[in-house]
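Let me begin by presenting the structure, written as structure tokens, before commenting on it.
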Amino acid sequence: MTTIVHSTSEIERLIPHRHPFLLVDRIVEYDAEAKRIVGEKGVTATEWFFAGHFPGLPVMPGVLQVEALAQTMAVYVAKQEGFGDRIGLFAGIDDVRFKRIVEPGDELLYECRLEAVRGPIGKGKATARVGDQLAARGTLTFAVEQS
């Protein structure tokens, strides 16, 4: 049984994403000292994007995997002191690679590690896995909106 650090409703209190675009079901690990967060998504056959991507061969779009990683990182950022009601915006992606098809029935595990913050800009490494198989990886950059 997985320990749930934040449920979907708690995630919604931290970031502005909502169904059908909220792509993280729960946060299962959060370690502020290690600057690390882990989220999960149960990929079901009824996901809205499978209707057209692709009929007869449902594949989760890579761009949505990257968005899910960014949402997981946004939860980490939102939990930092001084964040207030400001929104963390996706500012860039680098070195993204897709290594495995993600399909209905897969349980995605998103792991993000914050590497650097300079003022309102931050950067971190992120991976998406299905079991022990790497599905996607990349470096994410975010900017926290200024109040």
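List of remarks:
- With a Förster radius of 30 Å applied to the beta-carbon distance between residue 21 and residue 118, the computed FRET efficiency rounds to 0.55.
- Phi-based couplings in Hz for the range 29-37 (Karplus 6.51, -1.76, 1.60; Gly and Pro marked x): 8, 8, 10, 5, 5, 7, 6, 9, 9
- For the pair residue 35 and residue 54 in one chain, pulling the backbone fully straight at 0.36 nm per residue adds 3.2 nm over the alpha carbon distance.
- Label-point gap, in nm, between residue 13 and residue 100 - each point 7 angstrom along Cα→Cβ: 3.3
- Solvent accessible area, Å² - residue 142, 1.4 Å probe, full protein context: 20
- In this structure, the amide hydrogen of residue 102, modeled 1.01 Å from its nitrogen in the peptide plane, lies closer than 5 angstrom to those of 60, counting only residues at least 5 positions away or on a different chain.
- In the context of the full set of protein chains, the chain has a per residue accessible area of 55 Å² (1.4 Å probe).
- Highest-first arrangement of 120-128, 55-63, where packing means the average Cβ count within 10 Å: 120-128, 55-63
- Angle in degrees between helix 62-78 and the longest Cα principal axis of the chain, rounded to the nearest 10: 30
- Remark on residue 96: its backbone amide H falls under 5 Å from those of 139, a criterion applied only to residues 5 or more positions apart or on other chains, H modelled at 1.01 Å from N.
The values are calculated or read from the model by the stated rules, or taken from the named source; none is laboratory data. Please read these numbers as outputs of a predicted model, since none were measured by experiment. Note that each Cβ is placed from the backbone with ideal geometry, even for glycine, and that neighbours are counted across all protein chains shown. All accessible areas refer to the heavy atoms of the entire protein, side chains included, with ligands and DNA or RNA removed. Shrake-Rupley method; radii C 1.70, N 1.55, O 1.52, S 1.80 Å.
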